[in-house]
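Just so you know, all these numbers are worked out from the coordinates, no wet-lab data involved. Remember, it's a predicted structure, so these values are computed and weren't measured experimentally. Reconstructed Cβ throughout: ideal geometry from the backbone, glycine too, with neighbour counts over all protein chains shown.
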Amino acid sequence: MPEIIEKHRESRKSPSVLQHSLILVRSARPDDLVFIFEGPDDIGVYETWIGRTRFESNYEPIAGKGKEQLIGLYKKIISENPELLRKVYFFIDCDFDVPEPADNIFTLNGYSIENFLCTSSTLESLLADEFKCVASPVERQRIKCVFEEFLNSFQTSTEELHFKFFSARRQGIKIISKSEDSKPIVEVYLDKAVPAFQHLEDVIETEKDVDATALAALRQEFAGLHRLQAQRGKYVLCVFRRWLRLLTADRKQPTPQLFERGMPALSGEPWSASLRRLAGQSPLPAGLAAFVEEAGRAA
């Protein structure tokens, strides 16, 4: 029975299933742009990002089930019915792949959308609004500096883990198991993140080791990646929320570590801000504005 359920789940990731959704949308809205995203979480984030550009056309969003499904659909349409691609655009994460240029595909210049949502610019907005640190630029800057130190320690603590992901992807090595949550990976404090595992094999297992002759070149390439590109987005978002939860608890203390004393009482839980909220002040991905504005003009 478990095998049947798993096969059913996998069948829903078929490009044909996504093509059926596209055909239904196209039959109902033959003249509208269609934007296809990797998953439901991407829709609100991209809608917020696109709203910050000069794109003014209407579009119908479709949520797929992962990058492979979207790329599979694109290739299927190209080979079977290229006309179906008219006014259809795909939005995919980069992950650790080397993007292949295509007119109808926007590839994020970062590992995934989550990486863009967990930055100092996002924190600045949360501090001013949800944390009620208004008219306190010095305080906000101090907390942002602590956050940057935390991000640096997270990067250091997970560097070998992320290099393992990177090198496996580059060499086509199957990942047998991996931690789906950040808790087995790092312990989170306000000023730092420290490894929570003793051996790398505790949090990631691959089918085989990377070819030793390729290691030096892979390390050099990995070292040149920006933080947005070098870390798995799910881990980044999970760690960011854990850090914000500690910051929220500190803000509510009578004698906080990072906030001035005597601030007005804080209501709500800023650490649980929605992805759409975080996207409002996050960095805008490079090339997105040009991509959607060109799509609007072509429509």
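If packing is taken as the mean number of other Cβ atoms within 10 Å per residue, what is the order of 111-118, 25-32, highest first?
111-118, 25-32
Provide the three semi-axes, in whole Å and in decreasing order, of the ellipsoid equivalent to the chain as defined by the square roots of 5 times the Cα gyration tensor eigenvalues.
They are 35, 27, 17 Å, listed from largest to smallest.
In a GNM of the chain with a 10 Å cut-off on Cα contacts, which of VAL194, VAL134, VAL45 has the highest mean-square fluctuation?
Comparing VAL194, VAL134, VAL45 in a Gaussian network model of the chain, the most mobile one is VAL134.
Relative contact order for the chain: what is it in percent, counting Cα pairs under 8 Å that are at least 6 residues apart?
23 percent
How far is the Cα center of segment 161-228 from the Cα center of segment 98-134, in Å?
The distance from the Cα centre of segment 161-228 to that of segment 98-134 comes to 22 Å.
What FRET efficiency comes out for LYS192 versus SER267 if R0 is 41 angstrom and r is the Cβ-Cβ distance? Round to the nearest 0.05.
0.90
Is there a quick way to get the dipole size of the chain? I mean about its Cα centre, with the Cβ of Lys and Arg at +1 and of Asp and Glu at -1; what is the value in debye to the nearest 20?
With only Lys, Arg, Asp and Glu charged at Cβ, the dipole is about 480 debye.
Quick one: which residues, 5 or more positions from THR206 or on another chain, have an amide H under 5 Å from its amide H? H modelled 1.01 Å from N in the peptide plane, none for Pro or chain starts.
The answer is ILE176.
Below 14 angstrom from the Cβ of TRP271, what's the summed charge of the other residues (Lys, Arg +1; Asp, Glu -1)?
Computed value for this residue: +2.
What number comes out for the charge environment of ARG26, summing +1 per Lys or Arg and -1 per Asp or Glu over other residues with Cβ under 11 Å away?
-1
Angle between the Cα long axis of helix 233-251 and the longest principal axis of the chain, 0 to 90 degrees, nearest 10?
30 degrees
Quick one: helix 2-11 against the long Cα principal axis of the chain, what's the angle to the nearest 10°, folded into 0 to 90?
Taking the Cα atoms of the chain, the angle to 2-11 is about 70 degrees.
Compute a Gaussian network model of the chain, connecting alpha carbons closer than 10 Å, and tell me which residue from VAL98, VAL146, VAL188 fluctuates the most.
The residue with the greatest mean-square fluctuation here is VAL98.
Please compute the net charge surrounding SER157, taking Lys and Arg as +1 and Asp and Glu as -1 over other residues with Cβ under 12 Å from its Cβ.
-2
Measure off 7 Å from each Cα along the Cα-to-Cβ vector at ASP181 and LEU225, then give the distance between these two points in nanometres to one decimal.
Once both label points are built, they end up 2.5 nm from each other.
Do any trypsin sites (Lys or Arg not before Pro) in segment 237-299 lie in a DSSP loop with no more than 10 other beta carbon atoms within 10 Å, and if so, which?
When the trypsin sites (Lys or Arg not before Pro) of segment 237-299 are filtered for loop state and at most 10 Cβ neighbours within 10 Å, ARG261 remain.
Which of HIS199, HIS226, HIS162 ends up with the largest GNM mean-square fluctuation for the chain, with Cα atoms connected below 10 Å?
Fluctuation is largest for HIS199.
Please find the FRET efficiency linking ASP202 to SER16, where r is the Cβ-Cβ separation and R0 is fixed at 41 Å, and quote it to the nearest 0.05.
That pair, ASP202 with SER16, gives E of 0.60.
Considering the dipole of segment 168-264 built from charges on the beta carbon (Lys and Arg +1, Asp and Glu -1) around the Cα centre, which of ALA196, ALA212, HIS226 is farthest to its positive end?
Highest projection toward the positive end goes to HIS226.
Can you tell me the 0 to 90 degree angle between the C-alpha axis of helix 288-298 and the longest principal axis of the chain, rounded to 10?
30 degrees
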